[in-house]
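Have a look at the structure below before the remarks.
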Amino acid sequence: MDLLLIFLGAAFVNNFVLTRFLGICPFLGVSKKIETAFGMGIAVTFVMVLASATTFLVYEFLLVPLKIEFLYNIAFILIIASLVQLVEMFIKKSSPTLYQALGVFLPLITTNCAVLGVTVINKDANYNLIQSVISSLGAAFGFTLAIVLFAGIREKVDKNNVPVYFKGLPISLIAAGLMSIVFLGFSGLIK
């Protein structure tokens, strides 16, 4: 039951994009088409889950025993950067069209504050390995859900007649704000 609450809390109550406002760059930049948004969500999911597991192990079995816990940010960023390079190479080889569609946003997963945020939040919450992985799965699911829903909204809005002053980024930001309000409705779900 605790693991389910951790997952739901990370996915809906504390959604990284819509309630914590982390990972906004890919949320706005890669959400013009559902396929691209879903591809980014899968890439972020892979990096988040592996980063959470790896950073937990490095923190608990390397940094703490050596009494150099204060270096966790540097260690976590290095781990995330390495994982992003692996994901980038895999996507480039397996799906060149997705690689082209993601463009500059794929290497930017390295600096995606949602990925670093989930690892730091897991550390600060004193989650064990399983809880860290479940938390990161929930956060990644929430990220993917938010970016895919937003891409669907943007595709619909692009096909409709929008007043000239709202075309492009303004209407996208309004839609993102409304989505954020909806997700804030989950705030009382888990205490």
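Summed over the residues of the range 1-119 and divided among them, the accessible surface reaches 51 Å² per residue at a probe radius of 1.4 Å.
Here the calculated FRET efficiency for Phe38 and Asn73, from their Cβ-Cβ distance with R0 = 25 Å, stands at 0.25, rounded to the nearest 0.05. The GNM of the chain, with springs linking C-alpha atoms under 10 angstrom apart, assigns the highest mean-square fluctuation among Leu169, Leu50, Leu106 to Leu169.
Can you tell me the FRET efficiency between Phe61 and Glu155 if r is taken as the Cβ-Cβ distance and R0 is 30 Å, rounded to the nearest 0.05? With R0 = 30 Å, the Cβ-Cβ based efficiency is 0.10.
Extending 7 Å from the Cα toward the beta-carbon at both Gln100 and Leu178 defines two label points whose distance is 3.4 nm.
What separates the Cα centres of the range 21-65 and the range 155-175 is a distance of 28 Å.
Span-like helix criteria (full DSSP H runs; alpha carbon extent of at least 30 Å along the helix axis; mean Kyte-Doolittle hydropathy of at least 0.0) are satisfied in the chain by 34-58, 72-94, 129-158.
What a 1.4 Å probe finds exposed on the chain is 71% carbon and sulfur by accessible area, rounded to a whole percent. Residues considered: Ala114, Ala175, Ala146. Largest GNM mean-square fluctuation over the chain, using C-alpha springs under 10 Å, is found at Ala175.
Mean separation of Cα pairs under 8 Å and 6 or more residues apart, divided by the residue count, gives the chain a relative contact order of 43 percent. Estimated from helices alone, the mean residue ellipticity of the chain at 222 nm is -22000 deg cm²/dmol (sum of -39500 (n - 2.57) over DSSP H runs with n ≥ 4, per residue). Using a Gaussian network model of the chain in which every pair of alpha carbons under 10 angstrom is joined by a spring, one finds that among Lys92, Lys32, Lys123 the greatest mean-square fluctuation is at Lys92. Counted residue by residue at 0.36 nm each, then reduced by the alpha carbon distance between them, the extension gain from Cys113 to Ile24 reaches 31.2 nm.
The values are calculated or read from the model by the stated rules, or taken from the named source; none is laboratory data. Note that the structure is predicted; figures quoted are calculated from it, not measured. Heads up, the Cβs are rebuilt from the backbone with ideal geometry, glycines too, and the neighbour counts pull from every protein chain shown. Protein only, heavy atoms only, side chains kept; ligands, DNA and RNA dropped before computing areas. Shrake-Rupley method; radii C 1.70, N 1.55, O 1.52, S 1.80 Å.
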